[in-house]
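Structure first, then comments.
The values are calculated or read from the model by the stated rules, or taken from the named source; none is laboratory data. Bear in mind that the values here come from a model prediction, so they are computed numbers and not experimental data. As a convention, Cβ positions derive from the backbone with ideal geometry for all residues, glycine included, and neighbour counts pool all protein chains shown.
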Amino acid sequence: MKKYFASILLIVTFAIFVVFQQKSADNNNGAPSLASTDITPSSDSVNSNTSFPQSKPNSSSTSSTPNNSTNSSSTTPQTNTGRYKNGTFTGTSADAYYGNVQVQATVKNGKITDVQFLDHPQDRSRSMMINNQSMPMLRSEAIQAQSANVDAVSGATMTSEAFIQSLQSALDQAAN
Amino acid sequence: MKQTKLLMNMPITVEIVDQLKSKVIFDKIYEYFREVECRFSVFRKDSEISKINSKEIEHPKYSHEMKEILDLAEKTKRESFDYFDIERNGRLNPSGIVKGWAILQAAKKLEADGIKNFYIEAGGDIQTSGVNSEGKKWQVGIRNPFDHTQIVKALILSGEGIATSGTYHRGQHIYNPFNPTVPLTETVSITVIGPNILEADRFATAAFAMGKDGINFIENRPELEGYMIDQRKVATFTSNFERYVKQNVFA
């Protein structure tokens, strides 16, 4: 009988211990805070140059990465004057994997003067689920150009294919 | 020895440091990427993925590679709270996972040929191995999304994979007319370092889709480190990211 009570006591104690552990773990799972920035963001942070791709005679590439420029001939507009009709042309909506990309190109005097995004990926609904997992220890800094020589460079090209596809279909409509 | 070719709509660079018995190895790698493009490109009507989307091919007849990619996509979907989802409007687009997977398979082919020191880069995603031609670990930059001629970080990698997901147009003056109140802290790019390029790529893609929460998601996975850049030109990075950063030394 004594043994019986002793083991019950042990089990109950353990159960209480587990519950307590879980509770305190839950308490630690509060909303995370991005280690807040004591950095003053530079004032020119938003590039106000709206016209992409900006067309210039003989400009061979409107692609914005040096890497991409190699395939510019087939995919980006070579803007010889008069190649395109004036007007505003809406491209097809192209799948950029995590959402659609759709562009609208404006042509004036045969040149592309503006490209606007009518649609780009948006999804913010499940924030809480991601944030509530644990307390991250994130840090921040203002980005700064580095002078180091590197062997290779990592950068985004994710939506370029969808962008090119949508722009191309807009320009197909604009073609004389 | 280094070569760059345009495949899968992006430049693919292979640099091999080891003494080569034959340059045929480069052809083998590029041939492999060509096969991947033929199978997985949603922009080609004759690809296996397009035929699956047009219901010309039924599940039992999917290739081994296709099944592997679909399994990986399903796994990533689960691990990312459904943020990573290759299905949209009833059509499959696995391009968010194929690139990293293909780079890793290509790296395995080099290793099988006894090559230890190399890197493979496809459209900004990189698998490193061993050391560079100077006998040092690979030095990899993170591109400045606001000025593509610059890098904003120099990292030291050897064996890891690094992938960046983002949209360069967000760095410009763009707004979504359906949602004009997009916050200024919008994420421009997120770079993820992982144990290999497949892990880095699939989680970079998932994290980017999460917006500014993406960096928390990366922080919560101990095998990954991340560097997220927002529209204020402020970077937020994970707690152990700095162990990969090349310290500024005047040399």
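What is the residue count in the range B:128-164 for residues that are surrounded by fewer than 19 Cβ atoms within 10 Å (Cβ to Cβ) and β-branched (Val, Ile, Thr)?
Looking only at that region, the number is 3.
What residue, among those in the range A:102-126 that are more than 9 Å from every other protein chain (Cβ to nearest Cβ) and part of a loop (DSSP other than H, G, I, E, B), is modelled with the lowest pLDDT?
Residue satisfying both the conditions and the ranking: A:Ser125.
Which residue out of B:Lys28, B:Lys5, B:Lys23 is of a type in the set (Lys, Arg) and touching a Phe, Trp or Tyr at 6+ places or on another chain (Cβ under 7 Å)?
B:Lys5
Please find, within the range B:142-165, the residue that is nearest to B:Gly124 (Cα to Cα) out of those that are of a type in the set (Gly, Ala, Ser) and within 14 Å of the chain's Cα centre (by Cα).
Step by step, filter the range B:142-165, then rank; the result is B:Ala163.
What is the number of the single condition among (1) facing another protein chain (nearest Cβ under 7 Å); (2) part of a strand (DSSP E or B); (3) modelled with pLDDT under 95 that B:Ala154 does not meet?
Only one criterion is unmet by B:Ala154, namely (3).
Please go through the range B:49-68 and give me each residue that is surrounded by 13 or more Cβ atoms within 10 Å (Cβ to Cβ) and within 16 Å of B:Lys99 (Cα to Cα), ordered by number.
B:Ile49, B:Glu65, B:Met66, B:Glu68
Count, please, the residues in the range B:43-77 that happen to be closer than 30 Å to A:Gln168 by Cα and among the polar types (S, T, N, Q).
Qualifying residue count for the region: 4.
Only residues that are at pLDDT 90 or above and among the aromatic types (Phe, Trp, Tyr): list them for the range B:232-251, please.
B:Phe237, B:Phe241, B:Tyr244, listed by residue number.
Looking at the range B:103-145, which of its residues are of a type in the set (A, V, I, L, M) and more than 14 Å from chain A (Cβ to nearest Cβ)?
B:Leu104, B:Ala106, B:Leu110, B:Ala112, B:Ile115
So which of B:Ile57, B:Ile52 is more than 14 Å from every other protein chain (Cβ to nearest Cβ), farther than 25 Å from B:Ala200 by Cβ and touching a Lys or Arg at 6+ places or on another chain (Cβ under 6 Å)?
B:Ile57
So B:Ser54 clears everything in (1) closer than 24 Å to B:Ser165 by Cβ; (2) without any contact (Cβ under 8 Å) to a residue 60 or more places away in the chain except one condition, right? Which one?
It is condition (1) that B:Ser54 fails.
Please go through the range B:215-251 and give me each residue that is more than 8 Å from every other protein chain (Cβ to nearest Cβ), in contact with a helix residue (DSSP H, G or I) (Cβ under 8 Å, 6 or more places away or on another chain) and free of Cβ contacts under 8 Å to residues at least 60 places away in the same chain, ordered by number.
Answer for the range B:215-251, where residues must be more than 8 Å from every other protein chain (Cβ to nearest Cβ), in contact with a helix residue (DSSP H, G or I) (Cβ under 8 Å, 6 or more places away or on another chain) and free of Cβ contacts under 8 Å to residues at least 60 places away in the same chain: B:Ile218, B:Arg221, B:Glu223, B:Leu224, B:Glu225, B:Gly226, B:Met228, B:Asp230.
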